[in-house]
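**Student:** Pasting in a structure now, in structure tokens, and then I'll have a few things to ask.
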Amino acid sequence: MAKLARWNPFKELLDVKDDFDRIIDRIFSREFDLWEGRRRSFPVDIYEDKDNVIIKAELPGLKKEDISVSLSGDSITITGKRAEEKEVKKENYYMKEIREGSFTRSFELPYRVDREKAKATYKDGVLEIVLPKAEEEKEKEVEIEVK
């Protein structure tokens with residue numbers, strides 16, 4: 001048997017307000033394109049192996065000089081700038097999907113890393129960052145005596 005609940009119009013209004021706030025936050029997020037419903041930022045993979053946290057970011061069309069990577073606290077930030085194309089006038093475009101200007105993304109790292117041994121390479125439009133796990137974060141195999 002279904003239980004009847006008293007209708008509360010104020011709760012309904014609060015739910016609508018919360019939904020509206022989420023929509024506004026998403027629209028004005030730097031990474032969201034209002035008209036196309038797509039993310040503006042670059043795609044990233046973050047994974048780990050036994051000793052490292054590895055980050056791969058697709059940044060096609062950039063030079064390595066256009067990319068900056070920084071570690072701060074327990075996060076990493078990738079920043080870059082794609083130069084604006086000067087030859088084509090805006091009114092001559094039929095479609096414009098290639099983004100121009102600055103971009104940045106930050107990620108919280110899943111482990112503490114050894115900052116001194118961090119390395120980054122950029123080849124064929126892919127930035128790969130290898131962050132060795134700090135010694136205390138590495139899984140250590142321990143022999144347990146069976147009695």
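The values are calculated or read from the model by the stated rules, or taken from the named source; none is laboratory data. Just so you know, these numbers come straight off a predicted model, no measurement behind them. Note that we place each Cβ from the backbone using ideal geometry, even for glycine, and neighbour counts take in every protein chain shown.
**Student:** Taking the range 94-124 only, how many residues are closer than 20 Å to P43 by Cα and either assigned to a loop (DSSP other than H, G, I, E, B) or free of Cβ contacts under 8 Å to residues at least 12 places away in the same chain (or both)? I'd like the intermediate steps shown before the answer.
**Tutor:** The first filter runs over the range 94-124 and keeps only residues closer than 20 Å to P43 by Cα, leaving 96-110, 119-124.
Cutting the leftovers down to either assigned to a loop (DSSP other than H, G, I, E, B) or free of Cβ contacts under 8 Å to residues at least 12 places away in the same chain (or both) gives us 96-100, 109-110, 119, 121, 123-124.
Within the range 94-124, residues that are closer than 20 Å to P43 by Cα and either assigned to a loop (DSSP other than H, G, I, E, B) or free of Cβ contacts under 8 Å to residues at least 12 places away in the same chain (or both) number 11.
**Student:** Could I ask something else about it? Out of the residues in the range 27-51 that are surrounded by 11 or more Cβ atoms within 10 Å (Cβ to Cβ) and modelled with pLDDT of 70 or more, which is farthest from the chain's Cα centre (by Cα)?
**Tutor:** The qualifying residue farthest from the chain's Cα centre (by Cα) is D51.
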